1. If neighbour count is taken as other Cβ atoms inside 10 Å, put 5, 157, 80 in order from fewest to most.
2. Mean separation of Cα pairs under 8 Å and 6+ residues apart, divided by the residue count of the range 4-110: what relative contact order is that in percent?
3. What angle do you read, to the nearest 10 degrees and between 0 and 90, between the alpha-carbon axis of helix 17-27 and the longest principal axis of the chain?
4. So if I take the centroid of the Cα atoms in the range 1-40 and the same for the range 151-189, what is the distance between those two points in Å?
5. Angle check, please: helix 46-59 long axis (alpha carbons) against the longest principal axis of the chain (alpha carbons), in degrees 0 to 90, nearest 10.
6. For the chain, modelled as a GNM with alpha-carbon contacts under 10 angstrom, which of 45, 221, 141 fluctuates the most?
7. Quick one: helix 157-168 against the long Cα principal axis of the chain, what's the angle to the nearest 10°, folded into 0 to 90?
8. Assuming 0.36 nm per residue, please report the length gained on full extension of the stretch residue 262 to residue 185 beyond their Cα-Cα distance.
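Every number in this text was worked out from the coordinates using simple rules, so none of it is lab data. Every value quoted in this text rests on a predicted model; they were computed, and no experiment measured them. Don't worry about glycine lacking a Cβ; one is built from the backbone with ideal geometry, like all the others, and counts go over all protein chains shown.
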């Protein structure tokens, strides 16, 4: 079967993916048609619209557009009548119909769907990063973290990291502090927010006793040993310039995470004031 070639001009004030998916889903139903797509993303001006119409007229193509600008949509409607070119509005009829049904006025802000998509991708990347940088993993890319948490075992580093990642869209790494072992050298040179988590020896002993099956050392739950671990962690904290310490003894994961984001906001405010 010899298919008929049809030039399809996809015009959008964002990426054009929405219009392309819609028209592709429709045209695939016509076996006799071989569409040739030409995409024009991020269209903002009447001059751009006029240039597209000139090309579409020369190739006898059709235009499929997803534009929220009323000015640009009106221009397309005028030009398609003047030049007798098929131009299909993907968003306009829905915007008008739903606006009338709900008695509401749309925001007419271009690219909103794209921004939602970008936020979703960023969230997925943040969670993936956090999982790959749990408990000292991924040291080679530690500089990409928004926040680095440090603390001895069972100071809620992992759940706090995941909470921050899932709820605040942050890339979080956490590093265990082990008595006698110096943390990675990168920790001392990072621009990321570095937070030390500390806890009372008694509370930590209680938590560890409840999770004894995860312990690898016999002195894991002994108060004397825990005190030495915490003392060592505080020496490490003191050696890292700019690190701030948060006490987690009586705080929930949510409260600790909120305190960390407060610290970030306070620091950003101070930086802007200095600037």
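1. In order of increasing Cβ crowding within 10 Å: 5, 80, 157.
2. 30 percent
3. 50 degrees
4. With the range 1-40 and the range 151-189 each reduced to a Cα centre, they are spaced 49 Å.
5. Roughly 60 degrees, rounded to the nearest 10.
6. Judging by the Gaussian network model, the answer is 45.
7. With rounding to tens, the tilt is 30 degrees.
8. 25.0 nm
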